[in-house]
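Report on the following structure.
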Amino acid sequence: MGALFRRYVGPVVVVSLFYFALLVYPVLRIWWLLLPPPGTPELLLIMVGPLALRMAAEWFPGPVGRSLSALALTWLGICFLAFTVVICWELVRWLLPLPPQTWGLILTGTISALAGYAFYNAQRLVDVDVRIEIPADAPPGVRGKRLAQISDVHVGSRQPGFLRRVVQRVNASQPDAVLITGDLIDFRAVSEAELASLGTLEAPAFFIIGNHERYVDLEEICSRLRNLGITVLRNAQVVFQDLQLIGIDDADARNQVARHLPALPALQDKYRILLYHRPDGAEAAAAWGAHLMLCGHTHNGQILPFNLLVRRIFPRILGRYQIGQLTLYVSPGTGTWGPVLRLGSRCEISMICLV
């Protein structure tokens, strides 16, 4: 009986509590402040609507289903913001006694302002210059190299038009190479035509897989990218000018880098850059002899205060870290996954400048 509960009943209870706390409670709490109690149709819409919309996304393949999914998950993100605001209000509302309708208007305005800014912020692309000092014995051709890192674009959750904007911004920066550190795609059957803008990159591009490519049609994704001229690195390395670029496949196991990197040669006459989707394994990369490690995956939490939870899982959540002779840079991501919202984080194109 205990095993049955742990396997089935426990997870159902946890998911149900999460669903109602996040998607139902904040909406009903504000409704009761502003309006008469909802009737049965309204209750059904509040309680079942988000789940029904997400399920409907599975019934429509292609762009229609992806748009429905983005709508459902963006509503989830707004409800997460609403839950945070309402919980904070519940803790302090006794300090300022106001009529219920006034509080309802204040909460609605606050949540709408946060959600509106978060949606706007998810459309902005921010160019960030990251200066990396190279060792004195690095090959002379390395100094001055400029490498554009894009990560977590999430085509599928995001539309092909967003990818075109990313490519245009990268081309405008005129990098020597483009490094794509996983989660470029997060839906099945994203066609080559929808990815065609990648074929207009004006610098050589190198791609490693993230967790979301593993969840969908991985082999087809790699084939489409190769057709567009992208070099796919899967537990492999390639020499590009004076750089040795190494790509390790994403995995949930924390020792993935330690398992696969030693099988590849560390070319002593090259500047060695490891591309790995998540910020794990930096110590193993440093011991192997990598100079620079580029990662993504964390999104810097994407929506406050979710970053507090992400930081517990990935303490190296954003920016530059030094591990021995290795420099690790963690991108907050170029796109968004799920909700098309960013609050307290940015959509970044990282320009890695080797100086």
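The values are calculated or read from the model by the stated rules, or taken from the named source; none is laboratory data. Just so we're clear, the structure is a prediction, and the values are computed from it rather than from any experiment. Cβ: placed from backbone, ideal geometry, glycine included. Neighbour counts: every protein chain shown. SASA here: full protein model, heavy atoms, side chains in, ligands and nucleic acids out. Shrake-Rupley method; radii C 1.70, N 1.55, O 1.52, S 1.80 Å.
Observations
- In order along region 48-60, the Karplus-derived 3J(HN,Hα) couplings, from 6.51 cos²θ - 1.76 cosθ + 1.60 at θ = phi - 60°, round to 10, x, x, 5, 5, 5, 5, 5, 4, 4, 6, 7, 10 Hz, and Gly and Pro are given as x.
- Computed with a 1.4 Å probe on the full set of protein chains, the accessible area for ASP252 sits at about 100 Å².
- For the chain, the relative contact order is 20 percent, taking Cα pairs closer than 8 Å that sit 6 or more residues apart in sequence and dividing their mean separation by the residue count.
- The residues of region 204-355 have, on average, 36 Å² of accessible surface per residue, using a 1.4 Å probe with all protein chains present.
- Nearest 10 degrees, 0 to 90: helix 63-92 Cα axis against the chain principal axis: 60
- 1.4 Å probe accessible area per residue over region 25-71, in Å²: 61
- Each of VAL14 and PHE60 was given a label point 7 Å from its Cα along the Cα-to-Cβ line. The distance between the two points is 3.3 nm.
- Protein accessible area in region 79-135, 1.4 Å probe - carbon and sulfur %: 69
- Highest mean packing comes first when the peptides 112-120, 268-276 are listed by Cβ atoms within 10 Å, giving 268-276, 112-120.
- Take each peptide in 180-192, 278-290, 42-54, 96-108, count the other Cβ atoms within 10 Å of every residue, and average; sorted highest first, the result is 180-192, 278-290, 42-54, 96-108.
- For ASP127, residues with placed amide H under 5 Å, excluding near neighbours: ILE349
- 1.4 Å probe accessible area per residue over region 84-197, in Å²: 48
- Accessible area of VAL340 (1.4 Å probe, protein heavy atoms only, ligands and nucleic acids ignored): about 20 Å².
- ARG254 contributes about 140 Å² of solvent-accessible surface, heavy atoms of the protein only, 1.4 Å probe.
- Each residue of region 134-151 was assigned a 3J(HN,Hα) from its phi angle through the Karplus curve 6.51 cos²θ - 1.76 cosθ + 1.60 (θ = phi - 60°); the sequence is 8, x, 4, 8, 5, x, x, x, 6, 4, x, 5, 10, 10, 8, 9, 10, 8 Hz, with glycine and proline shown as x.
- Helix 10-19 vs. the chain, principal-axis angle (Cα, 0 to 90°, nearest 10): 80
- Considered as an equivalent ellipsoid built on the Cα gyration tensor, region 167-317 has semi-axes of 23, 21, 15 Å, the largest given first.
- Taking the accessible area of region 181-301, probe 1.4 Å, and keeping the other protein chains in place, the carbon and sulfur fraction comes to 48%.
- Distance between modelled label sites at LEU309 and ASP269, nm, 7 Å Cα→Cβ extension: 5.1
- Over the chain: helical MRE at 222 nm, DSSP H runs n ≥ 4 each giving -39500 (n - 2.57), nearest 500: -12500 deg cm²/dmol
- Kirkwood Rh, Cα atoms: Rg over Rh of the chain: 1.03
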